[in-house]
Structures are given as structure tokens and as C-alpha cells.
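Only the coordinates and a few stated rules stand behind these numbers; no lab work does. Everything numeric here is computed off the predicted structure, so don't read it as measured data. Don't worry about glycine lacking a Cβ; one is built from the backbone with ideal geometry, like all the others, and counts go over all protein chains shown.
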Amino acid sequence: MNISILGFGTVGRGVYEMICKAEGMKARKVLVLPVECTESFMVTSIDEIVNDKETDVVVECMGGIHPAFEFASACLKAGKSFVTSNKALISEFGIELEALAREKNVSFLFSAACGGAIPVLHNISVASQTDTIIRCGGILNGTTNFILTNMQDNGKDYKEALSEAQKLGYAEADPTADVSGMDTLRKVMLLSSVSFSSLPTENLCCEGIENFSKEVADYVKERDMSVRLMGFCGKTEAGIYAYVEPVVVPSSAVEASISSNINFAWYEGENSGFIGLMGQGAGRYPTASAVLRDLSAVIEGKKSMIGPCCKKIKADNSGILNSYLLYIDGVFSSIESISVTEMHEKAKELREKGSKVFFAQYKI
Ligand code: HSE
């Protein structure tokens, strides 16, 4: 199978190296920027890949929505299978790209877009064919987990920990997507699309770690607890819920042992029960290994991760009740049994009035 790659950054390079060593796979061309074009296998125009009769599959590792969407559409229309690690692209245009792939009878896989090396999307796409998935989620962002655990366990300061995560290749090109929770939210959207054939695009609640501080780290540590950023989605009678927020966990909880760039992704099937998977959620080779897993699946004939029924929907977080730790203008308090929607709205209102707010769900 001949594979061309779009992008030669952290993940693209890893994918190229792994393909060169893999049996049954051959790297054809790599799309790079003109300033990066130093090798004979590199090209600077997408047309050279779209029109390349020898390329069977295109792997996209450029990131961003545009021009990734236009490039993906062109490759699929040209009858090439498409594998991507791009969460932003899939959360925005996954349904449209899936339809194009179906029309052309080629593969469209994106298991590298959630959980890094962890095969959570792959497993759910297989499990959902024979079981009903009820809910899923977890610690899904390596950068924020690296920052949180370095601040809590090693006393590092926020900026120092973020800069280290960037150097290690965990963070997005613009790390705002990581620390704001947006990257986790996009992964939750993908989990929902594969689990429930529903891509939630409205009424989502998203709180990141930008307001986490040494004061909160000390407070929870003194109480033998720890903070992690987690994403959640699930199916209830009221519809699909999907949200991201910091969570306080007791030191004895599995999540408390998840440190550095490690992710902990889980799903619960009606028949399988709870299944938890941990592994490296970010970085060159962990993510490249997930792309290669999808390439192997293309060879085996796997076509898709979401069915033709997948639709964009409005999420409903108003029926999910949690208890929260609050830190408002230097004062700690807690609130019991409030809906996710109300908690996120309350924090927004307080911030609009000028308060400094951190909140985290209590996981009991
Ligand atoms: N920036 C992402 C993370 C990369 O830190 O998890 C992997 O999706």
C-alpha cells in the first residue's frame, strides 16, 4: 500500500519513519511548505498527491481545519482512502468527509484523533456494532494532564509546565486549545459520534485549566485529593450530554495515578460494562502508532468509524447533576447537586462581574 502524508511536523515525521519500517507499506510523497522542501520525496503542491496514481492512502497530519478540509475532500474525490489525526477537522467536517468516502467506496479513519496511542475510538467503533454504548470519556488531553500533575506533584508553575509540554511535542500549535479544554471537547465530540452516531455541536459545556492555581493545588493536596481535566459524554432518555471540566479525585482513584502525558479513556457498554484504557495520549510516536494502526485497518478493509446515520445534534447537559469544589476570589466553598449547565453558567456570570473563579466536579 502506497501512502502519502500531508504535513511533516511532530506527528507527520513519526508517521513517515514508522511507514518506512512497516511491512506492506511504502511512503510515496510528503506535502511540506516550500521552506521545508529538502528531500526528493517532498512536494509543495497538494495536486502532486491528489493526481498521483500510485498513492492509495493519504495521511493528514497538518492540523487545523483549512486547508485540511479542502485537501481531504480533494483526496477522497480522487478515490484515495484518508486517515487523519486531526480532531478539529473531524469535529467540524467528519460527517461530510465520511459521506464522500462512502460515495467513493474508500476508507476514512481517524482513531489517532482521540487518546493518542490508546485505541479507544477503534475499540468503540467495533464494540458499538454488537453492544450499546451508554457513556464514555476520561482524561483525554496529554498537555493539561502534564501541566496539572507537574504543578501538583512537582510544584512547577503553570507557565513552566506548559512550556515543557510544548517542548516535548504534546501541545497543539496554539496551546489555547489544550488549556481551554477545547481539545478535550473535540475528542468528546468524536467519542459521541462513534458511540452514539450523534455529533454534538451545540449546548456543549467546556471549562479548562486556565484558572487552576497553586492555591487550589495546595488545597486539594492537603485533603489527599488531586485535580484532572476530564471529558464526558453519554446517552440518556433526554438525549446526549457532552461536557469538559476539571474533576477532583481522591488519591485512591485510578485517575489520580494518571500523570504526565498519559490519558485514561473509558467507555461503558450495556453488555461489556466499564472498560478503561490507559496509555500515552500525545507525542510523536504514540500518535504515529495510532495512525499506523488505522493504516493496517485500511489494509484489512475497514471503511469507516461512523455510520451513515451520524447526525449533528444539540447536547443537553441540564439533567446531569454533580457536586463541585468552588474557588471564588480566594475563598473555597462547595456546592451540592447542581446541573452541569447551571454550574458552567454560574461561573460565566461570576466572571462577567469580575470574579476570579475555579471550579471542579467532585468525583465521589
Ligand atoms: N495536544 C494534544 C494533547 C495532542 O495534549 O493531548 C494529542 O491529541
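Here are a few things to note about the model shown:
- Here, segment 1-99 is characterised by an Rg to Rh ratio of 0.93, where Rg is the alpha-carbon radius of gyration and Rh the Kirkwood radius.
- Segment 199-287 - Rg over Rh from alpha carbon coordinates, Kirkwood radius: 1.00
- Residue among 125, 35, 158 farthest towards the positive dipole end of segment 31-183, charges placed on Cβ: 125
- Counting DSSP beta bridges with both ends in the chain, the antiparallel % (nearest 5): 65 percent
- The angle between the Cα long axis of helix 158-167 and the longest principal axis of the Cα atoms of the chain comes to about 10 degrees, rounded to the nearest 10.
- Residue of 327, 158, 219 that the Gaussian network model of the chain assigns the largest fluctuation, springs spanning Cα pairs under 10 Å: 219
- FRET efficiency for the pair residue 39 and residue 96, taken as 1/(1 + (r/R0)^6) with r the Cβ-Cβ distance and R0 = 35 Å, rounds to 0.60.
- As a calculated quantity, the FRET efficiency between residue 349 and residue 20 at R0 = 51 Å, using C-beta atoms, amounts to about 0.40.
- All Cα-Cα separations within segment 227-364 were binned at 10 Å from zero, giving a P(r) of 9, 28, 34, 21, 7, 1, each value a whole percent of the pairs.
- Based on C-alpha pairs under 8 angstrom that are at least 6 apart in sequence, the chain has a relative contact order of 19 percent.
- Above-threshold pairs, the threshold being 25 Å between Cα atoms, out of 29/187; 187/363; 214/348; 104/314; 21/187: 29/187; 104/314; 21/187
- Segment residue 321..residue 1, full-extension length gain: 110.3 nm, with 0.36 nm per residue of separation and the alpha-carbon distance subtracted.
- Averaging the sequence gap over all C-alpha pairs within less than 8 Å and six or more residues apart, then dividing by the number of residues, gives segment 176-313 a relative contact order of 26 percent.
- Tilt relative to the chain, helix 284-299 - C-alpha long axis, 0 to 90 degrees, to 10: 50 degrees
- Pair-distance profile P(r), taking every C-alpha pair of segment 105-252, with 5 angstrom steps and integer %: 2, 9, 18, 20, 18, 14, 10, 6, 2, 1, 0, 0
- Take the convex hull of the alpha carbons in segment 105-180; its mean projected area over all directions comes to 7.3 nm².
- Rounded FRET efficiency, nearest 0.05, which uses the C-beta distance separating residue 271 from residue 356 and R0 of 41 Å: 0.35
- Global form of segment 311-355, assessed from the alpha-carbon gyration tensor, a/c cut-off 1.5: oblate
- Size of charge dipole - segment 20-163 - debye, nearest 20, with Cβ of Lys, Arg +1 and Asp, Glu -1, no other charges: 220 debye
- For segment 57-128 versus segment 204-278, the gap between their alpha-carbon centres in whole angstrom: 26 Å
- A crude spin-label estimate for the pair residue 214 and residue 66, with each label 7 Å from Cα along the Cβ direction, gives 4.3 nm.
- Shape class for segment 19-168: oblate, because the ratio a/c of the largest to smallest gyration tensor axis (alpha-carbon atoms, square roots of eigenvalues) is 1.5 or more and b/c is at least a/b.
- The length gained on full extension between residue 174 and residue 238, counted as 0.36 nm times the residue separation minus their Cα-Cα distance, comes to 19.5 nm.
- Gyration tensor verdict on segment 33-74 (Cα atoms; rounded if a/c is under 1.5, prolate if a/b is larger than b/c, oblate otherwise): oblate
- Length gained on full extension, residue 103 to residue 222: 37.1 nm, using 0.36 nm per residue less the C-alpha separation.
- Acute angle (nearest 10 degrees) that the helix 340-352 long axis makes with the longest principal axis of the chain, alpha-carbon atoms: 80 degrees
- Directionally averaged shadow of the chain, computed from the convex hull of its alpha-carbon atoms, nm²: 18.1 nm²
- Helical runs (DSSP H, four residues minimum) scored at -39500 (n - 2.57) apiece and divided by the length of the chain put the mean residue ellipticity at 222 nm at -11000 deg cm²/dmol.
- Each Lys and Arg adds +1 at its Cβ and each Asp and Glu adds -1 at its Cβ; summed about the Cα centre, the chain shows a dipole of about 540 debye.
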